[in-house]
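Scroll down for the structure; my scribbles are underneath it.
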Amino acid sequence: MGNKTTARGAGKRRADGRHGGGAASEKPVALTLKVDSGLYLRLSTLRATQRRTNQDILEKALKEYLTREGA
C-alpha cells in the first residue's frame, strides 16, 4: 500500500506546464471545495464552453479574490 498523497497526484501537471503561482520547485497542495449542485452546474457549463479545467477557473478566481482582499 503506497502513500496516498503521492499516488493520487503523481504525474499530474497543468496543460501549460506550470504547477501554480510559486517557484518552479514548489509542489501544489490539494484543496477540496464542496459546492451545491447549482453552483457546480454553472462551473461545469463554463468549463465546457470555455474549454478550461475546473482547476484553471477556480485558481484564477481565487487569485483575483485574494488580490482584491489584499491577502
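The values are calculated or read from the model by the stated rules, or taken from the named source; none is laboratory data. Quick caveat: nothing in here was measured; it's all calculated off a predicted structure. Ideal geometry is used to build each Cβ from the backbone, glycine not excepted, and the neighbour counts take in all protein chains shown.
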Please specify each residue of the range 43-71 satisfying the condition of being surrounded by 11 or more Cβ atoms within 10 Å (Cβ to Cβ) and among the charged types (D, E, K, R). Arg47, Arg52, Asp56, Glu59, Lys60, Lys63
Filter pass, Lys27 being of a type in the set (Lys, Arg) and at pLDDT below 95: yes
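Residue-wise test of (1) charged (D, E, K, R); (2) at pLDDT 95 or above; (3) under 15 Å from the mean Cα position of the chain (by Cα).
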position	(1), (2), (3)
Gly11	no, no, no
Ala15	no, no, yes
Ala23	no, no, no
Asp36	yes, yes, no
Leu39	no, yes, no
Thr45	no, yes, no
Output the residues belonging to the range 48-71 that are aliphatic (A, V, I, L, M) and assigned to a helix (DSSP H, G or I). Ala48, Ile57, Leu58, Ala61, Leu62, Leu66
